[in-house]
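Note sheet for the following structure.
The values are calculated or read from the model by the stated rules, or taken from the named source; none is laboratory data. Please read all numbers here as calculations on a predicted model, not as lab measurements. Note that we place each Cβ from the backbone using ideal geometry, even for glycine, and neighbour counts take in every protein chain shown. Protein only, heavy atoms only, side chains kept; ligands, DNA and RNA dropped before computing areas. Shrake-Rupley method; radii C 1.70, N 1.55, O 1.52, S 1.80 Å.
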Amino acid sequence: MSATLRYRGDKSNLLEFAKNLDAFKKVPEKYTETTEIGGTLSLLSRLLIVYLVYTELRYYWNETDIIYQFEPDMALDEQVQMHVDITVAMPCASLSGVDLMDETQLDVFAYGTLQREGVWWQMSDSDRRHFQSMQMTNHYLREEYHSVADILFKDILRERSLPKESETQPAAAAPPPPGALQQLQQISQHESKYDACRLHGTLGINKVAGVLHLVGGAQPVVGMFEDHWMIEFRRMPANFTHRINRLSFGQYSRRIVQPLEGDETIIREEATTVQYFIKVVPTEIRHTFSTISTFQYAVTENVRKLDAERNSYGSPGIYFKYDWSALKIVVSHDRDYLLTFVIRLCSIISGIIVISGAVNAMLVATQRRLLRMFAPQLYLRLPGSTPPPPATPVSSVSTPANELLNTANLMANVDISAYLPTAMAAPKSDI
């Protein structure tokens, strides 16, 4: 059997015992003293507490350090947008091959098409200044050592807004318009007067290795060869000098460094191949309640002159060969645990209260001491102040002889018969 112990006494005593154990006893207001110094310090300390708590919350939410982690990229079947805006220094009629192919061996029009627009290669002054500023910025970000990435990622994390679905989901590749091949062969007359061609648009590509190539065209020429009509394709003069205004993958953001944006390559000879080897790295930016998926890439450029005598073969043109990384970069905040953050806030608040109390006691003591020394009248008006003790009069005669005489006189004036017993009195005699 098990015995159960119960308390059968008065339970009100337990409540009184609990009250006696209270470590947070309150001082009655009649025992408290309010001063101008204490009120001023209380106001300043509360304002300081509000400011420090606000800055701590802001730092905890936005200004913490950035950490980078690597994780396997599992979204292999995802279709990604490829944004292209390139200007080539030759007419659009001279560009015949502007298409994309990858390892899936799909049709060249399955990824969409780029729009062609005839433009002048020479830019206006304002456009040239804007392009040069972008070129200088990207050149510095590519060539110099810096830590700008942390600042750019922090700006993205500060937005705290989910991207729109239309921005994150790649648009389906637009089917080729009817008669696309005929349109490529028949360039409008008003574009033939321009000396450059701008290619811009968005392509929906797969996460496999591929190549976007821009090659020159050939013009069919019909002529007589002996007694027969023959069609001969004569290569048109080409100039692969080009300017890259935009080349990015996924959701576009100005805060993501795009290495090829602002790049301008001058080609002096026609038989030249320009190759860009691009390594695309998926990037996931994680915030507390949102996640942004984008892509970064690294690029290596190779300009090669074709020369059969030196065994350098190939087709002149511009080639963007891209491949995908198997790992993705995860960018997130390096925050403390919530309990640690709350403890830090409590320590800040309590520290300010304790320090303000110590400063208040020191200032009040200094004030009282100064008033007591230089303004006794104002000091007596302060609550809790004690007046100085009255000065004792100093007797002019203070010799020991005089003190003995005074004592003897006091003793002579005392009637000692009152202190004698009545039985000791003398009897009366009969006469």
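Extension gain for Y60 to L338 (0.36 nm times residue separation, less C-alpha to C-alpha distance): 99.1 nm. Here the simple spin-label model places points 7 Å from the Cα toward Cβ, and for I353 and V257 these points are separated by 4.8 nm. Set the Förster radius R0 to 30 Å, insert the Cβ-Cβ distance between A365 and L52 as r into 1/(1 + (r/R0)^6), and round the FRET efficiency to 0.05. For R0 = 30 Å, the calculated efficiency reads 0.65. The average projected area of segment 26-79, computed from the convex hull of its Cα atoms over all directions, is 8.6 nm². Surface listing: F109, F341, F277 arranged by accessible area from highest to lowest gives F277, F109, F341, probe 1.4 Å. Relative to the current alpha-carbon distance between Q377 and K19, full extension at 0.36 nm per residue lengthens the span by 124.5 nm. Averaged per residue, segment 302-374 has 66 square angstrom of accessible surface, using a 1.4 angstrom probe with ligands and nucleic acids left out.
Filter the cross-link list K207/K321; K193/K305; K207/K305; K207/K279 down to pairs whose alpha-carbon distance in this structure exceeds 20 Å. The answer is K193/K305; K207/K305. With the charge dipole of segment 29-132 set up from +1 on Lys and Arg Cβ and -1 on Asp and Glu Cβ about the Cα centre, the Cα lying farthest toward the positive end among the listed residues I49, Q115, G38 is that of G38. A crude spin-label estimate for the pair T291 and S133, with each label 7 Å from Cα along the Cβ direction, gives 3.7 nm.
Largest first, how would V84, V50 line up by accessible area (1.4 Å probe)?
From most accessible down to least: V50, V84.
P(r) tail for segment 86-127: Cα pairs beyond 14 Å make up 59% of the total.
Using the Karplus curve 6.51 cos²θ - 1.76 cosθ + 1.60 with θ = phi - 60°, what ³J(HN,Hα) values do you get for each residue of segment 66-83, in whole Hz, with x for Gly and Pro? Here the 3J(HN,Hα) series is 9, 10, 10, 10, 10, 9, x, 8, 9, 7, 7, 8, 6, 9, 10, 7, 10, 9 Hz.
Element breakdown for segment 245-286 at a 1.4 angstrom probe: carbon and sulfur atoms account for 43% of the accessible area. For segment 58-87, backbone nitrogen atoms closer than 16 Å to the point 7 Å from L327 Cα along Cα-to-C-beta are found at 67-74.
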